[in-house]
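Colleague: Sharing a structure below in structure tokens format, with a few things to ask.
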Amino acid sequence: TQLLEQSPQFLSIQEGENLTVYCNSSSVFSSLQWYRQEPGEGPVLLVTVVTGGEVKKLKRLTFQFGDARKDSSLHITAAQPGDTGLYLCAGFAGNNRKLIWGLGTSLAVNP
Amino acid sequence: NAGVMQNPRHLVRRRGQEARLRCSPMKGHSHVYWYRQLPEEGLKFMVYLQKENIIDESGMPKERFSAEFPKEGPSILRIQQVVRGDSAAYFCASSPMANTEAFFGQGTRLTVV
């Protein structure tokens, strides 16, 4: 059972387009993190969201945590080829001491 | 402030040999996590250690795999008598305390031939 479902699994878009990827669960998370992983490298932390309804912006990336803290979204405006990578969400559910991971959304931005 | 350091980056072992993967956490971090990643399968949790203690090893195979995080020195993931199925990228992450965001190393790519 995958506690964190990410969608879509794959996404291929043209440079300049906007996109949104999702991270959903039936469980409540005390916090959710978004990571980006490039081929051959480790995941790099982008942001942590903690409060239900929270919105955080990182340049062209906008992260939102659902009001009930069960889901999150990542919106990218005017995507660039440098945004290409695997976007992973992870979080702590309840009293769980280890991060629960989604399988990721693999994004390809074509020039 | 150096990030999480893993070495070696690439490791080739013959079937039956031992593989030792090292992870030096970020300065001030006493919590270490090991993950395995296979293409199309995502990150799989293996073990969570906090200085000299194994907190959670529920993701680690019972045989041939072991992990330690001594008081001094890096955390070590040890795989004995490697088999082809052990070929994967192994990532280490560290955090300053429990239930906080983790920072990853660049991984060790193990190839068993």
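What follows draws every value from the coordinates through simple rules; no lab data is involved. Computed from a predicted structure; not experimentally measured. No Cβ is skipped: glycine too gets one built from the backbone with ideal geometry, and neighbour counts run over all protein chains shown.
Colleague: What is the distance in Å between the Cα centres of segment B:53-113 and segment A:3-66?
Modeller: Taking the Cα centre of segment A:3-66 as reference, the centre of segment B:53-113 is 25 Å away.
Colleague: Test of understanding: what is the full-extension gain from A:Glu38 to A:Asn24, defined as 0.36 nm times their sequence separation minus their Cα-Cα distance?
Modeller: Numbers: separation 14, 0.36 × 14 = 5.04 nm, distance 2.25 nm.
Net length gain for the segment: 2.8 nm.
Colleague: How would you rank B:4-15, B:42-53, highest first, on the average number of other Cβ atoms within 10 Å across their residues? Before the final figure, lay out each step's value.
Modeller: On the way: B:4-15: 14.9, B:42-53: 18.7.
Ranked from most to least packed, the peptides come out as B:42-53, B:4-15.
Colleague: In addition: Are there trypsin sites (Lys or Arg not before Pro) in segment A:51-111 that DSSP marks as loop and that have at most 10 other Cβ atoms within 10 Å, and which are they? Provide the component values of the computation, followed by the final result.
Modeller: Working: sites: A:Lys56, A:Lys57, A:Lys59, A:Arg60, A:Arg69, A:Lys70, A:Arg97, A:Lys98; in loops: A:Lys59, A:Arg60, A:Arg69, A:Lys70, A:Arg97, A:Lys98.
Answer in residue order: A:Lys59.
Colleague: Right, something else. Can you check what the Kirkwood hydrodynamic radius comes to for chain A, Cα pairs only, in Å to one decimal?
Modeller: On the way: mean 1/r = 0.0718 Å⁻¹.
So the Kirkwood estimate lands at 13.9 Å.
Colleague: Okay, moving on. Take peptide A:39-51, look around each residue's Cβ out to 10 angstrom, count Cβ atoms belonging to other protein chains, and average those counts.
Modeller: On the way: counts 0, 5, 6, 15, 10, 3, 5, 0, 1, 2, 0, 0, 0.
Average neighbour count from other chains, rounded to a whole number: 4.
Colleague: In percent, how large is the relative contact order of chain A, given Cα pairs closer than 8 Å and 6 or more residues apart?
Modeller: Once normalised by length, the contact order is 37 percent.
Colleague: Separate question: Please state the relative contact order of chain B as a whole percent: Cα pairs under 8 Å, 6+ residues apart? Can you show the working numbers first?
Modeller: Working: 289 pairs, mean separation 42.1, N = 113.
It rounds to 37 percent for chain B.
Colleague: Could you give me the percent of Cα pairs per 5 Å distance bin for the protein assembly as shown, shortest bin first, beginning at zero and ending with the bin that holds the maximum distance?
Modeller: 1, 7, 14, 18, 18, 16, 12, 8, 4, 1, 0
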